[in-house]
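> Just dropping this structure here.
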Amino acid sequence: MKLQPDWLLPDLEKARKRTQTPVARIDSFVIPESAKWIGRSKKYYISTYGCQANERDSETMAGILDTLGFEKADSPESVDVILINTCAIRQNATEKVLGEIGNFKRLYRENEDLVIGVCGCMSQEEGFVENLLAKYPQVRLIFGTHNIQDLPRMLYEVMHEGKRVVQIYSKEGEVYENLPVHRFGNTKAWVNIMYGCDKFCTYCIVPYTRGKQRSRTMENILEEVQELKHQGFKEITLLGQNVNAYGKDLDEGINFATLLEECAKIGIPRIRFTTSHPWDFSDDMIDVIAKYDNVMPFVHLPLQSGDDEILRRMGRRYTRESYMELFQKIQDRIPHVAISTDIIVGFPNESDEQFENTIKLVEECKFDNAFTFIFSARPGTPAAAMNDPIDQETKSKRLARLNKIWNQYALEKNKAYEGRIVEVLVDGFSKKDKHVYSGYTDTNKLVNFTGENIHPGDFVKVKITKGKTFSLDGQAI
Ligand code: SAH
Ligand code: SF4
Ligand code: F3S
């Protein structure tokens with residue numbers, strides 16, 4: 001592979017930088033004359049990995065492609081453009097993506113005009129792009145999380161100038177308003193309230209792949225929420241890596257509690273938010289969640305570890321005691337709240353005793369749901385350079401033990417729903433059975449239920465007949 005002079009490759013050193021420079025706020029989206037209508041009679045397919053930030057980015061890319069005249073397809077067969085929006089949070093995410101790119105090789109052999117593009121957080125990693133360039137000639141477009149607005153020009157260069165385009169800015173980032181959007185659902189919508197992250201937890205790649213924390217203005221966010229209400233959306237989720245740090249980078253004297261309250265007043269039936277870091281979770285936030293019926297009684301509160309020394313080495317800025325205090329407060333003040341969490345086992349040099357501290361905390365909290373992971377070393381992060389004598393087998397055993405324990409509590413919590421009547425916002429048919437509907441409760445519990453004359457987007461009262469580990473069964477009443 002020969003590096004081309006106009007390729008912009010990722011640079012973690014630059015991505016790590018944080019300055020006090022105010023971010024640029026860009027309101028206009030201009031399509032170069034040459035790129036207009038390059039998608040006429042053509043189709044695209046987007047494959048999305050990772051978190052809701054990526055889901056929302058894919059909706060922006062789809063919006064841009066629609067504007068260029070492309071049509072969205074639900075399968076990669078016989079399309080003209082495939083975009084793979086990647087996630088870099090753990091190594092196994094990387095492997096899945098490479099597997100998928102490998103599969104698309106067949107489509108490229110059948111149609112050499114096919115544009116396969118790779119974007120998202122993996123593009124922002126250093127070694128990954130070089131590997132792609134060297135081993136995957138079918139990939140002709142690679143761009144980063146800060147380059148989405150340039151998609152029209154990049155596509156033009158690939159499609160009409162026969163170029164291989166690599167454009168990855170490693171920078172703090174801007175805030176783009178008014179980029180087109182093609183929402184993938186018509187009941188639930190994602191609303192970005194901020195981009196990036198400044199927390200730099202020592203294991204995490206996100207601050208490098210997404211730039212510094214940049215809050216959108218409250219005015220722009222509320223306008224979007226109004227518009228979504230007008231379009232008939234039933235649920236919105238306010239998105240950010242640390243929603244409770246919202247506004248700290250603005251000069252407006254506002255915070256997440258204010259924003260949440262203003263969103264609630266607009267009157268969308270259901271409002272959710274994610275992710276709330278245990279640091280910065282204010283009493284005002286708890287009050288707003290408790291006060292408004294349309295702010296859902298559900299909090300995702302990542303724990304990561306129940307051991308103080310590990311938390312300190314992770315750079316999480318709270319202790320098991322302060323986590324428990326917050327957990328208790330949320331539980332006491334928000335009626336029938338459900339709380340879920342994220343936990344990492346096998347952080348470098350985590351001892352048996354330190355792991356047991358996590359187990360003890362899980363036994364105290366009895367989470368409704370948990371996302372549990374084995375630590376994955378992300379090149380360039382401080383934790384990747386830490387001494388780690390613990391073998392993978394021990395880590396896998398810890399994960400299995402942790403899962404067994406939280407599953408028991410989740411089952412217990414869900415069993416307590418048996419006989420209760422809950423309100424479900426219907427998504428559609430259950431994945432496994434076309435005679436069964438599915439949707440979520442206010443507490444974010446998945447409900448599979450039977451009933452008649454039910455449509456996606458309906459609110460339905462459902463009597464719970466069975467509580468299972470990961471879902472509830474019920475009957476519409
Ligand atoms: N901003 C959110 C987390 C986003 S990443 C927060 O601070 O809570 C989602 C989850 O992935 C994290 O909560 C963490 O549990 C997990 N994760 C992140 N980096 C990881 C790594 N290097 N190895 C294993 N799990 C990781
Ligand atoms: Fe990653 Fe920590 Fe930022 Fe969450 S808060 S995205 S875990 S650095
Ligand atoms: Fe993955 Fe990037 Fe989200 S690394 S978890 S897609 S911010």
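> Let me check against my output: what whole-number percent is the relative contact order of the chain, with C-alpha pairs under 8 Å and at least 6 apart?
Dividing the mean separation by the residue count of the chain yields 11 percent.
> Sticking with this one: Net charge near residue 272, counting Lys/Arg +1 and Asp/Glu -1 over other residues with Cβ under 10 Å of its Cβ?
Summing Lys/Arg as +1 and Asp/Glu as -1 gives 0.
> Every cysteine in the chain with no other Cys Cβ under 4.7 Å from its Cβ, please list them in numeric order.
For the chain, the answer is 51, 87, 119, 121, 197, 263, 365, because their Cβ atoms have no other cysteine Cβ under 4.7 Å.
> Here is a follow-up. Would you work out the relative contact order for the range 346-477, in percent, from Cα pairs under 8 angstrom that are 6 or more residues apart?
It rounds to 22 percent for the range 346-477.
> State the extension gain, in nm to one decimal, for the chain segment bounded by residue 41 and residue 371, taking 0.36 nm per residue of separation less the distance between their alpha-carbons.
Gain on extension, residue 41 to residue 371, equals 114.6 nm.
> If I model a spin label as a point 7 Å beyond the Cα along the Cα-Cβ vector, how far apart are those points for residue 186 and residue 356 in nm?
Modelled inter-label distance: 5.7 nm.
> Could you pull out the pairs from 171/199; 14/96; 234/468; 188/329 whose alpha carbons sit more than 22 Å apart here?
Exceeds cut-off: 14/96; 234/468; 188/329.
> Also, I was wondering about something else. Would you mind counting up the charge near residue 332? Only other residues with Cβ under 13 Å from its Cβ, with Lys and Arg at +1 and Asp and Glu at -1.
Local net charge: -1.
> Could you grab the Rg to Rh ratio for the range 183-415? Cα atoms only, Kirkwood for Rh.
On the Cα set of the range 183-415, Rg over Rh gives 0.98.
> Taking +1 at the Cβ of each Lys and Arg and -1 at the Cβ of each Asp and Glu, which of 259, 81, 383 sits farthest along the dipole of the chain towards its positive end, judged by Cα position relative to the Cα centre?
81
> Same structure, new question: Report the charge-dipole magnitude of the range 344-477 in Debye, nearest 20, computed about the Cα centre from +1 at each Lys and Arg Cβ and -1 at each Asp and Glu Cβ.
Here the size comes out at about 400 debye.
> Using a simple charge model, +1 on the beta-carbon of Lys and Arg, -1 on the beta-carbon of Asp and Glu, nothing else, what dipole does the chain show about its Cα centre, in debye to the nearest 20?
The calculated dipole for the chain is roughly 860 debye.
> Largest first and in whole Å, what are the equivalent-ellipsoid semi-axes of the range 1-125 based on the Cα gyration tensor, each being the root of 5 times an eigenvalue?
25, 21, 16
> Then there's this: Which three semi-axes in whole Å describe the equivalent ellipsoid of the chain, each the square root of 5 times a Cα gyration tensor eigenvalue, listed largest first?
Equivalent ellipsoid semi-axes, largest first: 36, 28, 23 Å.
> Now for a different question. Just grab the label-to-label distance for residue 254 and residue 25, each label 7 Å out from Cα along the Cβ direction, in nm (one decimal).
Calculated label separation equals 0.9 nm.
> Net charge within 14 Å of residue 232 by Cβ-Cβ distance, Lys/Arg positive one each and Asp/Glu negative one each, not counting residue 232 itself?
Local charge sum for residue 232: +2.
> With unit charges on the beta carbons (Lys and Arg positive, Asp and Glu negative) and the dipole taken about the Cα centre of the range 371-472, which residue among 425, 472, 400 sits farthest to the positive side?
400
> Hey, any idea what Rg/Rh is for the range 421-476, computing Rh the Kirkwood way over Cα pairs?
Rounded to two decimals, Rg/Rh equals 0.90.
> Can you give the helix-only mean residue ellipticity at 222 nm for the chain, where every DSSP H stretch with n ≥ 4 adds -39500 (n - 2.57) and the sum goes over all residues, rounded to the nearest 500 deg cm²/dmol?
It lands at -10500 deg cm²/dmol.
> Given a Förster distance of 45 Å, report the FRET efficiency between residue 465 and residue 109 from their Cβ-Cβ distance, rounded to the nearest 0.05.
The pair residue 465/residue 109 has a calculated efficiency of 0.30.
> Let me ask something additional. Which residues in the range 190-212 place their backbone N less than 20 Å from a point set 7 Å from the Cα of residue 349 along the Cα-to-Cβ direction?
201-204, by backbone N distance to the label point.
> Additional query: Please work out, to two decimal places, the log10 of the ratio I(q)/I(0) at q = 0.18, 0.20, 0.23 Å⁻¹ from a Debye calculation in which every Cα of the range 377-477 carries one identical scatterer.
-0.79, -0.90, -1.11
> Any idea what % of Cα-Cα pairs in the range 240-343 are farther than 20 Å?
Within the range 240-343, distances greater than 20 Å cover 38 percent of Cα pairs.
> Could you work out how far apart the two model spin labels at residue 230 and residue 418 are, taking each label as a point 7 Å from the Cα in the direction of the beta carbon, and quote it in nm?
Those two pseudo-labels are separated by 4.9 nm.
Rule-based calculations on the coordinates, nothing more; no lab input. Since this is a predicted model, take the numbers as computed values, not measurements. All Cβ positions, glycine included, derive from the backbone under ideal geometry; neighbour counts span all protein chains shown.
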